[in-house]
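K.L.:
Let me give you the structure first, and then I'll get to my questions.
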Amino acid sequence: MARCIFHIDLDAFFVSVEEALNPELKGKPVIVGGDPEHRGVVASASYEARPFGIHAGMALSKARRLCPQAILIRADFSRYRDASNRFMEILADFSPDSEPLGLDEVYLDVTGCTEPYGSARQLALAIKARIYRELNITASVGIGTCKVVAKIASALCKPDGLLEIAPGEEQAFLNPLPVAKLPGVGEKTEQILKEMGITTIGELGLLSVERVRRRLGATGTVLHSYARGVDDREVAAPGEAKSVSQERTFARDTLDGNFLEATLHNLCQEVCQDLRNQHKSARCVAIKLRYADFETITRQVTLQQASDVTRVVFSTAQQLLNRTLAKQEKPVRLIGIRASSLVGEERQLAMFDSGMEKPERLDRAIDKIRGKYGPTAIKTGGDV
Ligand code: DCP
Ligand code: CA
């Protein structure tokens with residue numbers, strides 16, 4: 001099922017907090033910044049100040065030259081922190097899955113939460129209305145099936161906006177936009193892309209990923225995926241991972257089942273070791289395949305019992321892989337494994353406890369060796 005992700009960003013945040021406290025400021029060019037006598041810079045500019053060319057990061061002295069009538073307010077962070085806390089509390093009433101990106105910006109995964117409101121759009125309107133009622137601040141909301149689309153959408157509809165990109169519309173939405181709209185493309189990257197003849201997101205997506213990677217390294221691979229509307233990152237507060245995953249992109253697309261299986265085995269070992277390090281077990285195991293044409297599929301099963309055992313997770317993943325390969329003969333460019341529905345370890349197993357099953361003992365012995373000598377020190381063969 002397609003995910004439904006909101007990116008919610010408060011408009012002119014510092015300025016809006018000041019305006020809520022002092023409504024006389026509304027409708028006027030207002031700047032919140034540091035100390036003008038000490039080379040302060042603009043932190044936030046009201047939408048009325050922006051047509052003068054004023055933006056965050058600009059020297060206050062310059063902002064004053066551009067718009068002498070602008071009202072300048074010294075930043076008071078305790079106010080903004082309070083407003084931010086209230087903003088986050090409001091969002092928690094709508095979905096448990098939120099990921100703050102700063103004081104005034106949040107991803108909210110509302111997959112499965114929209115029904116009581118009628119639609120994603122109605123839910124977004126309800127959130128905006130609640131924020132406005134309680135904080136007297138407008139928010140802009142981007143709606144998409146992945147983070148990158150939601151984030152770009154919210155930026156495009158500011159201020160007080162709402163922009164929904166329906167499932168399947170991602171590519172058409174992204175294609176005509178300038179590459180600089182992609183999160184992660186700064187001036188330097190924009191310049192490099194320009195030298196490659198690329199100015200729009202659509203053009204970036206059409207390049208071969210190899211070419212982009214050669215010029216921009218690992219970042220290039222990620223940007224290329226985003227440009228194709230492919231972004232599997234989940235919404236999770238830092239330190240609260242809901243899943244553990246690993247994936248590999250191949251240098252060359254492959255149809256070789258044995259090779260895919262061997263790669264999957266290595267990935268399972270890494271994922272299970274992560275689980276054990278975090279003292280977690282997983283109830284769900286999913287594999288992901290991305291084909292040469294970028295079609296991406298995931299196949300998931302629920303285990304009878306939560307597990308962190310490599311052999312258990314691998315044999316499940318292996319079955320999923322074989323079933324998928326039997327149905328579809330298309331070259332694969334990426335394979336991934338994800339363990340989710342994590343539960344804490346019910347029983348803390350002592351190393352080499354006599355009651356331990358053989359595969360568990362083996363995993364723990366490997367963890368110990370890897371802990372000592374590094375992750376590449378040992379790998380079990382494919383038949384373990
Ligand atoms: N901020 C800052 N210095 C910057 C950029 C931002 O202190 N260079 C602070 C002030 C902003 C807040 O972070 O109010 C949020 O940053 P945003 O980039 O979201 O900017 P605004 O909320 O001010 O405006 P917008 O309506 O464009 O989101
Ligand atoms: Ca903002």
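K.L.:
Which residues, counting only those in the range 92-112, are farther than 17 Å from CYS146 by Cα, open to solvent by less than 70 Å² (accessible area, probe 1.4 Å) and away from ligand 1 (no atom under 16 Å from the Cβ)?
P.N.:
Within the range 92-112, ALA92, PHE94 qualify.
K.L.:
Can you spot a residue in the range 208-223 that is in contact with a Lys or Arg (Cβ under 8 Å, 6 or more places away or on another chain), open to solvent by 50 Å² or more (accessible area, probe 1.4 Å) and more than 16 Å from PRO331 (Cα to Cα)?
P.N.:
No, the range 208-223 contains no residue that is in contact with a Lys or Arg (Cβ under 8 Å, 6 or more places away or on another chain), open to solvent by 50 Å² or more (accessible area, probe 1.4 Å) and more than 16 Å from PRO331 (Cα to Cα).
K.L.:
Let me ask something additional. Restricting the range 113-146 to residues that are over 11 Å from LEU162 (Cβ atoms) and either open to solvent by 70 Å² or more (accessible area, probe 1.4 Å) or in contact with a Ser or Thr (Cβ under 7 Å, 6 or more places away or on another chain) (or both), which is nearest to ligand 2 (Cβ to nearest atom)?
P.N.:
ILE137
K.L.:
Step by step: first the residues of the range 296-310, then only those that are in a strand (DSSP E or B) and of a type outside the set (Ser, Thr, Tyr), then the one that is most open to solvent (accessible area, probe 1.4 Å). Which residue is that?
P.N.:
GLN304
K.L.:
Something else now. For the range 278-323, which residues satisfy the criterion of being among the polar types (S, T, N, Q), closer than 23 Å to MET1 by Cβ and touching a strand residue (DSSP E or B) at 6+ places or on another chain (Cβ under 6 Å)?
P.N.:
THR296, THR298, GLN300, THR302, THR316
K.L.:
Whether any residue in the range 311-323 is in a strand (DSSP E or B), surrounded by 14 or more Cβ atoms within 10 Å (Cβ to Cβ) and out of contact with any Gly (no Cβ under 8 Å at 6 or more places or on another chain) is what I want to check.
P.N.:
Within the range 311-323, none of the residues are in a strand (DSSP E or B), surrounded by 14 or more Cβ atoms within 10 Å (Cβ to Cβ) and out of contact with any Gly (no Cβ under 8 Å at 6 or more places or on another chain).
K.L.:
Select from the range 237-275 the residues that are of a type in the set (Asp, Glu) and in a loop (DSSP other than H, G, I, E, B) and write down the one among them that is modelled with the lowest pLDDT.
P.N.:
So in the range 237-275, the residues of a type in the set (Asp, Glu) come out as 240, 247, 253, 256, 261, 270, 274.
Okay, now just the ones that are also in a loop (DSSP other than H, G, I, E, B), so 240, 256.
Details: GLU240: 73, ASP256: 96.
Applying the filter and picking the extreme gives GLU240.
K.L.:
Now, a different point. Which residues, counting only those in the range 181-195, are open to solvent by less than 50 Å² (accessible area, probe 1.4 Å) and either more than 21 Å from ARG333 (Cβ to Cβ) or modelled with pLDDT under 95 (or both)?
P.N.:
Answer for the range 181-195, where residues must be open to solvent by less than 50 Å² (accessible area, probe 1.4 Å) and either more than 21 Å from ARG333 (Cβ to Cβ) or modelled with pLDDT under 95 (or both): PRO183, VAL185, GLY186, THR189, ILE192, LEU193.
The values are calculated or read from the model by the stated rules, or taken from the named source; none is laboratory data. Worth saying up front: this structure is predicted, and the values here are computed from it rather than measured. Note that we place each Cβ from the backbone using ideal geometry, even for glycine, and neighbour counts take in every protein chain shown. Side chains included, ligands, DNA and RNA excluded: accessible areas come from the protein's heavy atoms. Shrake-Rupley method; radii C 1.70, N 1.55, O 1.52, S 1.80 Å.
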